[in-house]
Amino acid sequence: MEGFYDDVSSPTPEQEQNILNHAPLSFQHFQKKLGVQKLLADTPRNVLLKQWFQPSMTIHGITTTPKIQTQSPSFIANSVEGYISIRTVPCQNPEKLIQLVTQHLNKEILKYAQVMAYQMEVSVNKKGDWWVVRTETPFFKALSEATKECWETSPMMVREGGTIPIVSYLEKVLHTQALILPMGQASDAAHLKNERFRLENFYKGKDVIKTFIKNINHHQ
């Protein structure tokens with residue numbers, strides 16, 4: 001899609017070094033985890049670069065409207081609906097991306113204008129700005145130290161986005177920094193079938209919060 005990557009910011013030298021520190025990544029393990037036969041990235045560095053710093057678009061489904069009630073292969077629906085989502089990164093603008101998607105779809109569907117009449121409509125269910133935590137603040141440093149104290153190991157600084165558009169909004173409205181403390185594991189199957197949450201993570205998470213609150217004054 002033309003213009004999709006135009007506003008994506010490149011990693012700083014410090015962020016680039018953090019990528020290289022995590023670069024000993026097993027391609028075989030990563031492919032098995034994703035259930036794919038081949039990765040688009042050709043090096044561990046590029047795998048992490050795509051996962052941490054580049055946006056993504058997901059097609060969640062394509063359905064006919066009204067829903068087809070017959071199994072006949074000759075049935076032709078009168079309309080089709082598609083559902084997509086976009087994970088944005090700094091410094092992309094949601095409004096601009098919506099415009100780019102709409103322009104791209106119009107451009108593609110025009111290719112069939114001579115053989116069929118069509119009408120297309122793009123609707124947005126919800127949108128939000130990207131968010132990245134500020135690691136130089138006393139609050140982040142206090143939380144990082146609390147995590148290390150309770151788990152007896154330094155937290156791994158990674159950039160993996162989630163569907164939490166409310167965070168950047170809260171920062172703007174409340175004029176303060178937001179912090180997100182993940183307590184689970186990558187293997188918890190969040191929002192999927194058989195989702196779990198290990199009790200040790202739950203209790204350690206409570207300890208991290210208590211330690212953070214106790215020590216925050218030392219960083220003011």
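Details
- Qualifying residue in the stretch 73-81 (condition: at pLDDT below 85, over 18 Å from the mean Cα position of the chain (by Cα) and charged (D, E, K, R)): no
- Cβ pairs under 7 Å, 6+ apart, first in the stretch 15-40 and touching a residue at least 40 places away in the same chain (Cβ under 8 Å), second surrounded by 10 or more Cβ atoms within 10 Å (Cβ to Cβ) and assigned to a helix (DSSP H, G or I): His22/Leu48
- Here Lys206 meets each of (1) surrounded by 11 or more Cβ atoms within 10 Å (Cβ to Cβ); (2) without any contact (Cβ under 8 Å) to a residue 12 or more places away in the chain; (3) assigned to a loop (DSSP other than H, G, I, E, B) with one exception, condition (3).
- For the stretch 164-196, the set of residues classified as farther than 24 Å from Glu145 by Cβ, in a loop (DSSP other than H, G, I, E, B) and out of contact with any Lys or Arg (no Cβ under 8 Å at 6 or more places or on another chain) consists of His175, Ala190, His191, Leu192, Lys193, Asn194, Glu195, Arg196, listed by residue number.
- Members of the stretch 128-161 that are among the small types (Gly, Ala, Ser), in contact with a helix residue (DSSP H, G or I) (Cβ under 8 Å, 6 or more places away or on another chain) and more than 15 Å from Pro90 (Cα to Cα): Ala142, Ala146, Ser154
- Sole exception among (1) outside the structural domain of Met1 (by TED's automatic domain parsing); (2) surrounded by fewer than 12 Cβ atoms within 10 Å (Cβ to Cβ) for Asp42, by number: (1)
- Some residue of the stretch 116-123 being of a type in the set (Gly, Ala, Ser), farther than 16 Å from Val8 by Cα and not in a helix (DSSP H, G or I): yes
- Options Glu145, Glu160, Glu200; residue that is free of Cβ contacts under 8 Å to residues at least 12 places away in the same chain, out of contact with any strand residue (DSSP E or B) (no Cβ under 7 Å at 6 or more places or on another chain) and among the charged types (D, E, K, R): Glu200
- Check on Leu110, surrounded by 13 or more Cβ atoms within 10 Å (Cβ to Cβ) and assigned to a helix (DSSP H, G or I): no
- Of all the criteria given as (1) touching a residue at least 12 places away in the same chain (Cβ under 8 Å); (2) more than 17 Å from Pro55 (Cα to Cα); (3) not assigned by TED's automatic domain parsing to the domain that holds Ile164, the one not satisfied by Gln119 is (1).
- Scan of the stretch 153-176 for residues that are loosely packed, with under 13 Cβ neighbours inside 10 Å and not aliphatic (A, V, I, L, M), ordered by number: Thr153, Ser154, Glu160, Gly162, Thr163, Lys172, His175, Thr176
The values are calculated or read from the model by the stated rules, or taken from the named source; none is laboratory data. It should be emphasised that the depicted structure is a prediction, and the values quoted were computed from it without experimental measurement. When we count neighbours, we look across all protein chains shown, and the Cβ atoms used for this are built from the backbone with ideal geometry, even at glycine.
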